[in-house]
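Working notes for the structure below.
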Amino acid sequence: MNFVTQKKKKIQTGREDYNTKYRTLCCKGPPPPRPEYDVVCIGLTGSGKTSLLSRLCSEATDNIVPTTGFSIKAVPFQNAILNVKELGGADSIKKYWSRYYQGSQGVVFVLDSASSEEDLEVARMELHSALQHPQLCTLPFLILANQQDKPAARSVQEIKKYFELEPLARGKSWILEGSTVDNMDAVKEIFGQLIHLLEEKEHETGRI
Ligand SMILES: Nc1nc2c(ncn2[C@@H]2O[C@H](COP(=O)(O)OP(=O)(O)OP(=O)(O)O)[C@@H](O)[C@H]2O)c(=O)[nH]1
Ligand SMILES: [Mg+2]
């Protein structure tokens, strides 16, 4: 390297250092863009979809009412933004869920771990039908066994066995975790796992 090249390099390096320091000190530099993923969130009414999503968006949860139709939230995480479309779980809305699946890149299914046997069976059927739906069957799934704080809550292992997920979800990327609105740090970590699966899926698709 001759003298001129060396000097040029020094100036360049100095500039980079200066930019980095400037950005660190003044926080004026544009933040690196975060990838965005479209995710659909389903589950029976009362399972806790809105509560969890609102808490993830740091919104108040005192006056949550059952979702009529659907609601969309951009949920920010450190390394991605999830555009989550929550579909209301009431019987009158549930039958139209599949009309809103198009364009989804991932699925969040929420269930109340302390629900009645009857409701748990309905949740099982709905999850099975979602896992087999042509627009969802290849997507990463996050299943949240929510309301684990309730004394009557079934354990994640019990739910896994009851839902007979192994054969149905074989070959798919899915996560089943317990959750409660009382521990949002854990919920954030679980969503981090989903984001990881979404990234993997994106790279896989990009390679084809
Ligand atoms: N104990 C307990 N209650 C919860 C939890 N998550 C939600 N809830 C309560 O469950 C009720 C229903 O919550 P929502 O968030 O409205 O349920 P949803 O799944 O959005 O219901 P729909 O919009 O009707 O489909 C509310 O009273 C919440 O406070 C939880 O983890 N533990
Ligand atoms: Mg809701």
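Pairs meeting the criteria (first residue in the stretch 60-76 and closer than 16 Å to V181 by Cα, second residue within 11 Å of ligand 1 (Cβ to nearest atom) and hydrophobic (A, V, I, L, M, F, W, C), beta carbons under 8 Å, at least 6 apart or on different chains) are T61/V181; V75/L53. Out of the residues in the stretch 162-208 that are among the hydroxyl-bearing types (S, T, Y) and in a helix (DSSP H, G or I), state the one that is surrounded by the most Cβ atoms within 10 Å (Cβ to Cβ). Checked the stretch 162-208; the qualifying residue surrounded by the most Cβ atoms within 10 Å (Cβ to Cβ) is Y162. Within the stretch 51-66, the residues that satisfy the criterion of being near ligand 1 (Cβ under 9 Å from one of its atoms) and among the polar types (S, T, N, Q) are S51, S54, T61.
Being more than 14 Å from Q105 (Cα to Cα) and among the aliphatic types (A, V, I, L, M) is the filter here, so list the residues in the stretch 174-202 that pass it. Across the stretch 174-202, the qualifying residues are I175, L176, V181, M184, A186, V187, I190.
Filtering the stretch 47-80 down to residues that are more than 23 Å from E118 (Cα to Cα) and among the basic types (K, R), which residue is nearest to ligand 2 (Cβ to nearest atom)? Selected residue: K73. Looking across the stretch 81-92 at every residue that is near ligand 2 (Cβ under 10 Å from one of its atoms) and not in a strand (DSSP E or B), the one that is nearest to S54 (Cα to Cα) is identified as G88.
Residues checked against (1) over 18 Å from the mean Cα position of the chain (by Cα); (2) part of a helix (DSSP H, G or I):
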position: S51; (1), (2): no, yes
position: K73; (1), (2): no, no
position: V107; (1), (2): no, no
position: E118; (1), (2): yes, yes
position: R124; (1), (2): yes, yes
position: P151; (1), (2): yes, no
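All conditions in (1) under 16 Å from S51 (Cα atoms); (2) within 16 Å of ligand 2 (Cβ to nearest atom) hold for E126, with the sole exception of (1). Candidates are the residues of the stretch 90-117 that are touching a residue at least 12 places away in the same chain (Cβ under 8 Å) and polar (S, T, N, Q); the one that is surrounded by the most Cβ atoms within 10 Å (Cβ to Cβ) is S113. Could you tell me whether any residue of the stretch 134-149 is more than 28 Å from K95 (Cβ to Cβ) and part of a loop (DSSP other than H, G, I, E, B)? Yes - at least one qualifying residue is present in the stretch 134-149. Test G48 against the criterion of being within 12 Å of ligand 1 (Cβ to nearest atom), touching a Leu at 6+ places or on another chain (Cβ under 6 Å), on the phi > 0 side of the Ramachandran plot and at pLDDT 95 or above, and give yes or no. So G48 fails the test.
On the basis of being part of a helix (DSSP H, G or I), basic (K, R), at pLDDT 95 or above and away from ligand 1 (no atom under 13 Å from the Cβ), does R99 make the cut?
yes
Applying a threshold of 6 Å to beta carbon distances and a minimum spacing of six or more residues, or different chains, the list of pairs starting in the stretch 122-135 at a residue that is not assigned by TED's automatic domain parsing to the domain that holds K160 and loosely packed, with under 15 Cβ neighbours inside 10 Å and ending at one that is among the charged types (D, E, K, R) and outside any loop (DSSP other than H, G, I, E, B) is empty.
The values are calculated or read from the model by the stated rules, or taken from the named source; none is laboratory data. On a predicted model such as this, the values are computed, not experimentally measured, just so you know. Note that each Cβ is placed from the backbone with ideal geometry, even for glycine, and that neighbours are counted across all protein chains shown.
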